[in-house]
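J.: This is the structure I want to talk about, given as structure tokens.
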Amino acid sequence: MSRTSNRADGDIVRDFLSVADLLEEPQLAQLYTYLTQEGEATVQDVIEDLDLAQGTAYSYVNRLVDTGVVDVTDEEQPRQYAAREIDLTVTTAAGDREYTITPALIDAVGRRETNADIDTYIDRHGVAGLATALTYAVARERGEVTHRLMAEDLDISPLAAEMILQALRPVVHEHYGIGEDVRHDTEEGANV
């Protein structure tokens with residue numbers, strides 16, 4: 001679902017609204033992430049693996065199909081579903097910031113219900129702030145920045161920076177293929 005400038009405005013708006021649902025509802029984001037990771041799955045797989053009620057699972061899958069972020073890949077019963085790739089760049093109204101909505105960001109949003117640090121960060125900084133933090137988390141896992149640099153750049157406390165970087169670490173490892181052996185915070189006094 002990568003977007004280019006030659007698409008009709010109506011298509012772009014529809015696609016954005018589809019993705020906005022994922023960013024507003026953590027359970028939809030979790031389902032999208034599950035389908036992204038599995039490749040293909042049935043509703044029964046969703047029910048069992050995500051521990052959802054049957055009615056809820058069908059409702060969520062149908063919503064994602066209707067919005068165009070999930071496709072039916074096999075019409076035979078049981079139907080198979082697969083997530084479409086999302087790569088949508090959004091610019092703030094002021095035009096001063098830009099962030100990209102990717103499966104990794106959707107995964108991070110989906111963890112909101114089970115990770116208090118991500119939930120608090122979104123409450124304070126919004127999804128755009130989480131997207132920025134995810135960028136720093138990737139750079140941190142690559143050894144390019146520290147939590148203190150992030151805190152200074154974003155004008156947040158070093159503790160808040162460390163907490164969100166730690167919370168996003170599993171997302172970075174799952175989506176960016178960065179190994180566990182990468183060194184962190186080599187500056188003196190790296191502890192928070």
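J.: Quick check: anything in segment 71-82 without any contact (Cβ under 8 Å) to a residue 60 or more places away in the chain and closer than 29 Å to GLY126 by Cβ?
T.: no
J.: Among the residues of segment 82-94 satisfying the criterion of being among the hydrophobic types (A, V, I, L, M, F, W, C) and in a loop (DSSP other than H, G, I, E, B), which is surrounded by the most Cβ atoms within 10 Å (Cβ to Cβ)?
T.: Here the answer is ILE86.
J.: Same structure, new question: Quick one: in segment 36-76, which of the residues that are modelled with pLDDT of 90 or more and of a type in the set (Ser, Thr, Tyr) is least open to solvent (accessible area, probe 1.4 Å)?
T.: THR42
J.: Hey, another quick one. Just checking, which of ARG97, ARG79 is surrounded by 13 or more Cβ atoms within 10 Å (Cβ to Cβ) and not assigned by the TED database to the domain that holds ASP21?
T.: Numbers: ARG79 fails: not assigned by the TED database to the domain that holds ASP21.
Being surrounded by 13 or more Cβ atoms within 10 Å (Cβ to Cβ) and not assigned by the TED database to the domain that holds ASP21 holds for just one of ARG97, ARG79, which is ARG97.
J.: A further question follows. Does ARG79 meet the test of being basic (Lys, Arg) and touching a helix residue (DSSP H, G or I) at 6+ places or on another chain (Cβ under 8 Å)? Explain how you work it out, then say what you get.
T.: Numbers: basic (Lys, Arg): yes; touching a helix residue (DSSP H, G or I) at 6+ places or on another chain (Cβ under 8 Å): yes.
Criteria met by ARG79.
J.: Condition test on LEU134, is it closer than 17 Å to ASP123 by Cα, of a type in the set (A, V, I, L, M, F, W, C) and part of a helix (DSSP H, G or I)?
T.: Values: closer than 17 Å to ASP123 by Cα: yes; of a type in the set (A, V, I, L, M, F, W, C): yes; part of a helix (DSSP H, G or I): yes.
Yes: the conditions hold for LEU134.
J.: Do we have any residue at all in segment 113-124 that's of a type in the set (Ser, Thr, Tyr), surrounded by 17 or more Cβ atoms within 10 Å (Cβ to Cβ), in contact with a helix residue (DSSP H, G or I) (Cβ under 8 Å, 6 or more places away or on another chain) and in a helix (DSSP H, G or I)?
T.: The answer is yes, given that some residue of segment 113-124 is of a type in the set (Ser, Thr, Tyr), surrounded by 17 or more Cβ atoms within 10 Å (Cβ to Cβ), in contact with a helix residue (DSSP H, G or I) (Cβ under 8 Å, 6 or more places away or on another chain) and in a helix (DSSP H, G or I).
J.: List pairs: first in segment 40-63 and under 17 Å from GLN80 (Cβ atoms), second basic (Lys, Arg), Cβ under 7 Å, 6+ apart or cross-chain?
T.: THR42/ARG79
The values are calculated or read from the model by the stated rules, or taken from the named source; none is laboratory data. In this text, all values refer to a predicted model and were calculated from it rather than measured experimentally. All Cβ positions, glycine included, derive from the backbone under ideal geometry; neighbour counts span all protein chains shown. Accessible surface areas use protein heavy atoms only, side chains included; no ligands, DNA or RNA. Shrake-Rupley method; radii C 1.70, N 1.55, O 1.52, S 1.80 Å.
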